[in-house]
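The block underneath contains the structure these notes are about, expressed in structure tokens.
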Amino acid sequence: MKLIQPNCRVQFAAEDIEFIVSVLGHKLGAAECLIKLLADEESRDLILDDEALLHALLERRGCLRVTSRFYFYILVRHVFRRSDIQDRTVADYVAEVLSEFSRAERARCVLPGQSDPLDHLFEMLTALETADDRTRFFIRVHMGNHSLFLAGVFPERIRFRAEARGFPDLKYYEAIGRTQYRVASDHRLAQRYALAEVLSTLAERFQTTRLALNELADRLFSLGDTNYTFEAPLSTGS
């Protein structure tokens, strides 16, 4: 199982740098100077907070030549700041979740030694009962991510399915996500992978985080954004 890490800001590609230069070059000086600033962690983070980047991502027409990690980090960081979630590492982590889960095959829970993925939360809960300690940690983290992604990006579909067909509602996803993040944050592996604080924050502020992602999804869908389509099917969520 792949453990998601808050690595968006260290994996930006050449096209991301070119985009930043095209938007902010006139403000921050020559391209060479801007690239040097981006190499410095503190300067880079301040540059990425510039709202001109957000507006350019949302307002430019045509296919954006940026990576999904850059795209989602800028958007997530913006809506999180509006919701008073100021920790950049948390924004980085959630942006990585969106980048990974936006591709359906990466949203699936695949356990070591098993060919069939676990697509439903009830399957993952069942798997916790017999999994070893390490695998339980990975499953719990995946369940937290899975719940946050679905409740954050597809809240209206969840509401419709809950009302029309009796499927789990948003409270269910919030409870599952909050619980699994909290238990995972206390695991020894959370410390080993430097995720304890991130997972703890997501557990404590799951609803706030979910609502911030709802705002982001509403904005993207209302704009008809097709640059990065969320492909993960909602049918894997219950």
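The values are calculated or read from the model by the stated rules, or taken from the named source; none is laboratory data. Since this is a predicted model, take the numbers as computed values, not measurements. Here the Cβ is made from the backbone with ideal geometry for all residues, glycine too, and neighbour counts use every protein chain on show. These accessible areas exclude ligands, DNA and RNA; they are computed on the full protein's heavy atoms, side chains included. Shrake-Rupley method; radii C 1.70, N 1.55, O 1.52, S 1.80 Å.
Taking springs between alpha-carbon atoms closer than 10 angstrom, which of Thr179, Thr126, Thr135 fluctuates most in the Gaussian network model of the chain?
In this elastic network of the chain, the residue with the biggest mean-square fluctuation among Thr179, Thr126, Thr135 is Thr126.
Using 0.36 nm times the number of residues separating Ala13 and Asp116, minus their current alpha carbon distance, what extension gain do you get?
Result: 33.7 nm gained on full extension.
Please give the FRET efficiency for Thr126 paired with Arg65, using the beta carbon to beta carbon distance and R0 = 25 Å, rounded to the nearest 0.05.
With R0 = 25 Å, the Cβ-Cβ based efficiency is 0.05.
Enter the accessible area per residue of the chain (Å², integer; probe 1.4 Å; all protein chains in place).
48
Need the C-alpha centroid separation for segment 43-110 versus segment 182-219, integer Å.
Taking the Cα centre of segment 182-219 as reference, the centre of segment 43-110 is 16 Å away.
For Leu118, which sequence-distant residues (separation of 5 or more, or a different chain) have an amide H within less than 5 Å of its own amide H, given hydrogens modelled in the peptide plane?
Cys109, Val110, Leu111
For segment 1-96, which trypsin sites (Lys or Arg not before Pro) are in a loop by DSSP, counting at most 12 other Cβ atoms within 10 Å?
Lys2, Arg61
Ignoring ligands, DNA and RNA, please state the percent of accessible area on segment 103-174 from carbon and sulfur, probe 1.4 Å.
The computed percentage sits at 48.
Once you have the Cα-Cα distance between Ser43 and Arg192, take 0.36 nm times their residue separation minus that, and quote the gain in nm to one decimal.
50.9 nm
Under 12 Å from the Cβ of His187, count the other residues' Cβ atoms, weight Lys and Arg +1, Asp and Glu -1, and hand me the total.
Local net charge: +4.
With Cα extents along the principal axes in Å defined as stated, name the option among [x] 66, 38, 33; [y] 58, 42, 34; [z] 46, 39, 37 computed from the structure displayed.
[y]
According to a simple spin-label model (label point 7 Å from Cα along Cα-to-Cβ), what is the distance in nm between Glu204 and Lys27?
Label at Lys27, label at Glu204, 3.1 nm between them.
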